[in-house]
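Working notes, beginning with the structure itself.
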Amino acid sequence: MFGKKKPTPQIDKEQLALIKYAEKRIKQKKRVYVHFVVFLIGSVILILANTILGIGKDIKIAGLDWFVIAIVLWLALFIYHFVSVFITHSFMGKDWEDQQREALVAKQQLRIEKLKQQFLKEETEIAKTQAYNETLERSASNQKKKSELTIIVAAGENNAIGKDNDLIWHLSDDLKRFKSLTNGHHIIMGRKTFESFPKPLPNRIHIVITRQEHYKVPDGVIVVNSMEDALDAARNDKQPFIIGGGEIYKQSMALADKIEITRVHHSFENADTFFPEIDTSIWKETKSEFHEKDEKHEFSFTFLTYMKK
Ligand SMILES: NC(=O)c1ccc[n+]([C@@H]2O[C@H](COP(=O)([O-])OP(=O)(O)OC[C@H]3O[C@@H](n4cnc5c(N)ncnc54)[C@H](OP(=O)(O)O)[C@@H]3O)[C@@H](O)[C@H]2O)c1
């Protein structure tokens, strides 16, 4: 139980490889020797088969007996075998194999090193681009925050805003308020709302959204093909206004910061265009100013301001 441990023989890897190589060479040489013996016996059998047993006596190839051709071919095969074992292997032996392997490994390592360098370079570029994009995004969002995108609208109790591409009411104080709030600003509108105006409103930059490629407008009016392009065209305005109609209001609710709505206290059942419902979990009423109906105003109304929470 407590006897001495038997010492285990230690052979290093190199010695082991040399032994394996020597064994492999012995096998190869043995095979050449066996091949030679088989060739000699085979040749004798072929000669006897032809001369004594008369097998294929009449078969001649290029004027020679078939067995002569067979023996010559076999001899060529044997010579090839002999040369490959004793000559080729002697100068393409283990050392040569090791050299080749080392050269290959060195080549692969060089390639890996190059790939590593390239990878590092690309990673640095990506990191730089990301940092650059983040800076751009930050400055863009800072810029966005500086402007207050405002929806301005007049809507009935049932959210009605128009019929047959026109307004349903005439409230002069509401128009006055519209004019004073939007004066000097960019006003963004859908193509149909633009067409409901007799002419562009003075002292405002009109941005008309349409999907048409060659939509014609008077000088000074900007035509764009998307809401993004409209906002981009108004990016230097601290308070661009979305002025309708129904389709454009719907698309801008998520983008706007403020709603200036004139709530007309009547339900207009004959309307064909509506303002979206104001979700009070998103919007907070911050201002309210009631206006009684009078000889100039057929309906009472309230100016309401909502801010996005
Ligand atoms: N009460 C109010 O405060 C108020 C204010 C404004 C308007 N309105 C009323 O609203 C009605 C008009 O509204 P509406 O909804 O019929 O039309 P709209 O919103 O004024 O315009 C719709 C048009 O805008 C273009 N458009 C919409 N979304 C687009 C997008 N994402 N990209 C490119 N183009 C786009 C299309 O033009 P194309 O067909 O040319 O492609 C579309 O036909 C009228 O009755 C008007 O009087 C009321």
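Just so you know, all these numbers are worked out from the coordinates, no wet-lab data involved. These figures come from a predicted structure and were not determined experimentally. Note that we place each Cβ from the backbone using ideal geometry, even for glycine, and neighbour counts take in every protein chain shown.
Structure data summary
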quantity: Qualifying aspartates and glutamates (Cα of each under 13 Å from Cα of residue 121; at least 8 residues distant if same chain); calculated: 113
quantity: Cut-off under 5 Å, modelled amide H: who pairs with residue 223 long-range; calculated: 208
quantity: Packing-based order for 291-299, 213-221, using average beta carbon neighbours within 10 Å, highest first; calculated: 291-299, 213-221
quantity: Peptides 154-167, 238-251, 189-202 ordered by average Cβ neighbours within 10 Å, highest first; calculated: 238-251, 154-167, 189-202
quantity: Full-extension gain in nm, residue 282 to residue 216, via 0.36 nm per residue minus C-alpha separation; calculated: 20.0 nm
quantity: ³J(HN,Hα), Karplus 6.51/-1.76/1.60, whole Hz, each residue of segment 35-50, x for Gly, Pro; calculated: 4, 4, 5, 4, 4, 4, 4, x, 5, 4, 4, 5, 5, 5, 4, 7
quantity: Rotationally averaged projected area of segment 147-308 (alpha carbon convex hull; nm²); calculated: 9.3
quantity: Pairwise centroid distance, computed over Cα atoms, of segment 262-301 with segment 16-90, Å; calculated: 109
quantity: Options 264, 275, 214, ranked by Cα towards positive dipole end of segment 209-276, top entry (Cβ charges); calculated: 264
quantity: Per residue Cα convex hull volume in Å³ - calculated over segment 13-92; calculated: 85
quantity: Share antiparallel - DSSP beta bridges, the chain, percent rounded to 5; calculated: 55
quantity: Förster radius 45 Å - calculated FRET efficiency between residue 118 and residue 20, Cβ distance, rounded to 0.05; calculated: 0.70
quantity: Nearest 10 degrees, 0 to 90: helix 94-146 Cα axis against the chain principal axis; calculated: 0
quantity: Alpha carbon convex hull of the chain, projected area averaged over orientations, nm²; calculated: 47.5
quantity: Rounded to the nearest 20 debye, dipole of the chain from Cβ charges on Lys, Arg, Asp, Glu; calculated: 2860
quantity: Inter-site label distance for residue 102 and residue 37 at 7 Å from Cα along Cβ, in nm; calculated: 4.0
